[in-house]
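Structure first, then comments.
The values are calculated or read from the model by the stated rules, or taken from the named source; none is laboratory data. In this text the structure is predicted, and so the values were computed from the model without any measurement. Heads up, the Cβs are rebuilt from the backbone with ideal geometry, glycines too, and the neighbour counts pull from every protein chain shown.
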Amino acid sequence: MCGIVGYIGPREATTVVINGLQRLEYRGYDSAGIAIYDPDLGLQLRRSVGKLSNLQQRLAAEPTRGQIGIGHTRWATHGGVTEFNAHPHRDDSGAIVVIQNGIVENYLSLKGRLLELGYQFESQTDTEVIAKLIGHYYRDSRDLVTAVRQTLSELRGGNAIVAFSIHEPDTLVAARLGNAGGVAIGLGEDEQFIASDIPAILDYTRTLIFLEDRDVAVVRRHSVTITRLDGAPVERPTHTIAWDPVAAAKGDYRHFMQKEIAEQPRALMDALRGRIDQERGRIELEDLRLSDDDLRRVRRIYATACGTAWHAALVAKFLIENLAGVRVEVDYASEFRYRGPILQSDGERDALLLAFTQSGETVDTLAAMEEARAQGAPSVAIVNAIGSQAARVADGGPLYLHAGPEIGVASTKAFTSMLVVAYLFALRLAQARGTLTPAQIREHIQALIELPGKAAQTIELATPICIELAERYHRAGNALFLGRQINYPIALEGALKLKEISYIHAEGYPAGEMKHGPIALIDENMPVICIAPRDHIYEKMISNVEQVRARHGQVIAIGHAGDTLLAEKANHMIGVPATLPLLQPVLNVIPLQIFAYHVAVLRGCDVDQPRNLAKSVTVE
């Protein structure tokens, strides 16, 4: 959720930066800070926890002045909400300041190396590692751009950074590594702007350049020079953003759904912020109002949801039962209260309702929460919309997705964010119940930290293949999606996406049930999407693929990148990076979203607002 703003030019940088940060408040944050430089006053650093208004009050008491500066709103990942952990961060000399969006996947090893070299740290953040590393290389090169390049070459994970040095007061350096969110450079007359999101700088310019992965930009008052990480020069096109705020929000994407698919790496990263403590191997869910004792008393969880959220609840069942050892029942919210559920038994108060809802206003889900309350069972809402009804009535607390606004009716980034937040909840439950040790939780945290980068790789790998497959199959009348175990809900979700936005009839099935009915539908015209990662039932899925091929079905396989056996068995193969088996569904669903999107576009459908559907279903 972090926001980045930078400025160099004739204006007072403080005014521009604070104004830009105000435009980014919608993204959510827990602290804010700015660094401004003036030749007479030197480097002026101001940071505060809480809302931006707290920082503004501090600036009123301790004003800053200068014509170059950077600002940041932080949502904590590494380290708690403290002024020391707020951005910007400095190198060892105090001359270089850095702000960052993203997660440094290998920050522990980098920090250990710097500690051995004698560097001292004042925060618990991964960002300070970047600042110290840039300062370390600056000692030899005396060139900020070179030091930034050397530092970025050592970082793992998606990261966007902006840095400047008092020794080069006419230069801002911005860089993007991976898919940690956008970096936009706004072009002005005798001034330049940097922002993580377009709205931050639309008051000043509508001519923007967007950095790509591994781009490094040197930003000065009269020029912007972009090179690749290896120093090779590169040209990036300029874009003129319309005044229409909706068009501005959509940017260069044709549809909001396309944009929201692309935003998933950043959304996954935002779902983790403030919730993981890698060094101690702990999950911190501050919004959760259930103590360790409360969580240890839980013996049964009823997960309830509608539509796409119901598929997330099905995945959560596997996560919670595997990691925490607590039994989970999954219900459609629309059916839950009508079946007369018995949540508490034998006088025990050991049940918990887990509600999944993007909007937080789905009437059936709210009714299920009220039923739980009537029976004395606490509820926890995994919800995107802050301040929504579900968030307010969840007496066990809301666990926000922090995915940002999702405009497309067919959910994409909210779904994958739900999976990650459910994973965090399962780990928190396991932590309280002692089913996982801190060392084991640390392994899961590492996989979660690597997940946004792997999601970005998945989008890059899958998009060209999905475009080709959409060209081939967009006239199909039916499609079948097959998966097993934790990937069965992903088959359901893939089928739902295709039918929602392309109006092609599609079914999701457990692959083992294929021969009990759906196999009768398979012929040479039917695409059959098989989700087959190399897990404990991989051989069973290979057998299902062979059964489809024997009936002349057209197999589109989703599997681990480099799986030659699966590629040989299928008609088409989409490779995705491997992760922990319980996290694999997050990556497996992304190609299904991309495929559905391009099929719908070719069929001329209204992708963002499919017929008969609404984003928030507030009636029964």
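A few notes on this one:
- From the list THR64, THR77, THR73, THR82, the lone residue that is in contact with a strand residue (DSSP E or B) (Cβ under 7 Å, 6 or more places away or on another chain), among the hydroxyl-bearing types (Ser, Thr, Tyr) and outside any loop (DSSP other than H, G, I, E, B) is THR73.
- Residues being surrounded by fewer than 24 Cβ atoms within 10 Å (Cβ to Cβ) and farther than 14 Å from VAL173 by Cβ - total across the range 117-141: 11
Quick grid of which residues meet (1) within 24 Å of ASP197 (Cα to Cα); (2) in contact with a Ser or Thr (Cβ under 8 Å, 6 or more places away or on another chain); (3) not assigned by TED's automatic domain parsing to the domain that holds MET269:
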| residue | (1), (2), (3) |
| --- | --- |
| ASN85 | yes, yes, yes |
| SER93 | no, no, yes |
| LEU115 | no, no, yes |
| HIS167 | no, no, yes |
| ALA175 | yes, no, yes |
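- Condition check for ARG428: more than 18 Å from VAL589 (Cα to Cα), in contact with a Gly (Cβ under 6 Å, 6 or more places away or on another chain) and of a type outside the set (A, V, I, L, M): no
- Residues of the range 2-23 satisfying the condition of being within 33 Å of the chain's Cα centre (by Cα) and farther than 18 Å from VAL98 by Cβ: THR14, THR15, VAL16, ILE18, ASN19, GLN22, ARG23
- Where strands (runs of 3 or more DSSP E) fall wholly inside the range 478-589, the ranges with 1 or more residues that are acidic (Asp, Glu) and free of Cβ contacts under 8 Å to residues at least 60 places away in the same chain are 505-510.
Residue-wise test of (1) surrounded by fewer than 21 Cβ atoms within 10 Å (Cβ to Cβ); (2) modelled with pLDDT under 95; (3) under 32 Å from the mean Cα position of the chain (by Cα).
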| residue | (1), (2), (3) |
| --- | --- |
| TYR26 | yes, yes, yes |
| SER31 | no, yes, yes |
| ALA35 | no, no, yes |
| GLN44 | yes, no, no |
| SER48 | yes, yes, yes |
| LEU52 | yes, yes, yes |
| LEU55 | no, yes, yes |
| ARG65 | yes, no, no |
| ILE70 | no, no, yes |
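- Filtered residues of the range 408-451 (kept if in a loop (DSSP other than H, G, I, E, B), in contact with a Ser or Thr (Cβ under 9 Å, 6 or more places away or on another chain) and not hydroxyl-bearing (Ser, Thr, Tyr)): ALA410
- Hey, ALA381 assigned to a helix (DSSP H, G or I), closer than 27 Å to GLN344 by Cβ, small (Gly, Ala, Ser) and at pLDDT 95 or above or not: no
- Count of the range 487-527 residues which are farther than 21 Å from VAL607 by Cα and modelled with pLDDT of 95 or more: 3
- Residues within the range 31-49 that are touching a residue at least 24 places away in the same chain (Cβ under 8 Å) and in a loop (DSSP other than H, G, I, E, B), tallied: 2
- Flag if ALA262 is surrounded by 13 or more Cβ atoms within 10 Å (Cβ to Cβ) and either acidic (Asp, Glu) or farther than 30 Å from GLY79 by Cβ (or both): no
- So SER93, is it part of a strand (DSSP E or B) and in contact with a helix residue (DSSP H, G or I) (Cβ under 9 Å, 6 or more places away or on another chain): no
- Residue in the range 564-587 that is under 20 Å from LYS499 (Cβ atoms) and polar (S, T, N, Q) present: no
- Meets criteria (in a helix (DSSP H, G or I) and under 22 Å from ALA403 (Cβ atoms)) for PHE336: no
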